[in-house]
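Asks: Quick one: structure below, then a few questions.
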Amino acid sequence: MRFVAAMTTHIAEQLTEIITCIRTAAEKAGRNPDEVKLIAVSKTFPPEAIAAAYACGQFRFGENRLQELEEKVKKLPETIEWHLIGHLQSNKAQRAVQLATYIHSVDSEKLLRRLDRLAMEAGKKPKILLEINISGEESKFGTTESDAVKLVQAALTCEHLELAGLMTMAPYEAPETALHNIFGGLRRLRDYLENHLQIKLPELSMGMSSDFEIAIQEGATFVRVGTAIFGKRTYNL
Ligand SMILES: *Cc1c(COP(=O)(O)O)cnc(C)c1O
């Protein structure tokens, strides 16, 4: 009991601090702070940790494993907005459609088609973000910039999916200039796609605990912050 109380206080303090940092970063960049939305990445942390953040008004949470998400959904308020942020395997697509309001990691036409069909069957219309590999790192998932046009065009034909925008991951501990290039690169790609295809891609999901301020400078509308709110994860995903 005492442990839970201490954890709750700690999370509340960290959350308040991160929200302040986000607003400050947005203002410094000459942006409206309300444009930047915080996704609290709660993977590996128990439902009590999520409940503690939720009690402070945080309602967007990010998870990267469907099974874990499913267990948490059962135990937590229905008003939570769940973001699936991890790489999605085709065989998990059905549960993703059932559970997530946003799916951040769509990176192939095959997955798009599957999600579209499953969404139709489930009577849902999930919001999706296309994951783009701006850094060109081999180990990362995501489509390449040159394939992005094709993937966006495919997404636009999926009637049961709402194309919300683009997402990227920067390499772990990349230097600051590289981070500016990657996050700025995603924004420029978004602008290009909007002009070239005459569409709107309102959301840019980029930035984590160590680099969200740079991402905000470069135009992030969703930042995905875990460690800085909940603490270090005891196992890595
Ligand atoms: C875990 C994770 C995050 C959060 O990372 P932190 O460094 O803990 O803030 C953000 N995005 C994705 C895709 C993740 O898997």
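Asks: Could you rank Glu35, Glu27, Glu81 by how accessible they are, 1.4 Å probe, largest area first? Provide the component values of the computation, followed by the final result.
Replies: Numbers: Glu35 85, Glu27 115, Glu81 40 Å².
Putting Glu35, Glu27, Glu81 in descending order of accessible area: Glu27, Glu35, Glu81.
Asks: Right, another one. Semi-axes, largest first, in whole Å: what does sqrt of 5 times each Cα gyration tensor eigenvalue give for segment 8-76?
Replies: Working: eigenvalues 129, 37, 15 Å².
Working through the eigenvalues yields semi-axes of 25, 14, 9 Å.
Asks: Keeping all protein chains in position, work out how much accessible area Met7 exposes to a 1.4 Å probe, and write it in Å² to the nearest 10.
Replies: Surface accessible to solvent at Met7 totals approximately 40 Å².
Asks: Take the chain, mark every one of the chymotrypsin sites (Phe, Trp or Tyr not before Pro) that falls in a DSSP loop and has at most 10 other Cβ within 10 Å, then report the longest stretch left between them, sites excluded.
Replies: Values: sites that count: Tyr172, Tyr235.
Longest stretch, sites excluded: 1-171.
Asks: Let me cross-check Thr8: its accessible surface, 1.4 Å probe, with only protein heavy atoms counted, in Å² to the nearest 10?
Replies: Near enough 50 Å² of accessible area.
Asks: Right, here's the next one. Considering only Trp82, Gln67, Gln198, whose Cα is most displaced toward the positive end of the charge dipole of the chain, charges sitting on Cβ of Lys, Arg (+1) and Asp, Glu (-1)?
Replies: The residue sitting farthest along the positive end of the dipole is Gln67.
Asks: Here's a follow-up. What residue among His87, His180, His196 has the largest mean-square fluctuation in a Gaussian network model of the chain, using Cα springs under 10 Å?
Replies: Ranking His87, His180, His196 by mean-square fluctuation puts His196 first.
Asks: Related question: Once you've got the GNM for the chain with C-alpha springs shorter than 10 Å, pick whichever of Thr20, Thr221, Thr79 has the biggest mean-square fluctuation.
Replies: Thr79
Asks: Here is a follow-up. Would you compute, from DSSP H runs of 4+ residues alone, the mean residue ellipticity of the chain at 222 nm, taking -39500 (n - 2.57) per run and dividing by the full residue count, rounded to the nearest 500? If you can, show how the numbers build up before the last one.
Replies: Values: 9 runs with 111 residues, N = 237.
Using -39500 (n - 2.57) per qualifying helix, the result is -14500 deg cm²/dmol.
Asks: To the nearest 20 Debye, how big is the dipole of the chain about its Cα centre, given +1 on the beta carbon of each Lys and Arg and -1 on that of each Asp and Glu? Spell out each step's value before the answer.
Replies: On the way: 29 positive and 31 negative charges, 122 e Å.
Once rounded to the nearest 20, the dipole reads 580 debye.
Asks: Counting heavy atoms of the protein chains only and a 1.4 Å probe, report the per residue accessible area for segment 1-108 as a whole number of Å².
Replies: Details: 5410 Å² over 108 residues.
Per-residue value: 50 Å².
Asks: Based on Cα coordinates alone, diagonalise the gyration tensor for segment 99-237, multiply each eigenvalue by 5, take square roots, and list the semi-axes in whole Å, largest first. Could you put the intermediate results ahead of the total?
Replies: Numbers: eigenvalues 125, 69, 34 Å².
Semi-axes from the Cα gyration tensor: 25, 19, 13 Å.
Asks: Rounded to two decimals, what is the ratio between the C-alpha radius of gyration of the chain and 2.2 N^0.38 Å? Don't skip to the answer; put the middle values down first.
Replies: Values: Rg = 17.3 Å, N = 237, 2.2 N^0.38 = 17.6 Å.
Normalised by 2.2 N^0.38 Å, the Cα Rg of the chain equals 0.98.
Asks: Taking the alpha-carbon distance from Lys43 and a cut-off under 29 Å, which lysines remain once sequence neighbours fewer than 8 residues away in the same chain are dropped?
Replies: Within reach: Lys72, Lys74, Lys75, Lys92, Lys110, Lys124, Lys125, Lys127, Lys140, Lys232.
Asks: Go ahead and set up a Gaussian network model of the chain, Cα springs under 10 Å, then flag whichever of Ala51, Ala122, Ala96 fluctuates most.
Replies: Ala122
The values are calculated or read from the model by the stated rules, or taken from the named source; none is laboratory data. Keep in mind that what you see is a predicted model, and the values were worked out from it rather than measured. Ideal geometry is used to build each Cβ from the backbone, glycine not excepted, and the neighbour counts take in all protein chains shown. Heavy atoms of the whole protein, side chains included, go into the accessibility calculation; ligands, DNA and RNA do not. Shrake-Rupley method; radii C 1.70, N 1.55, O 1.52, S 1.80 Å.
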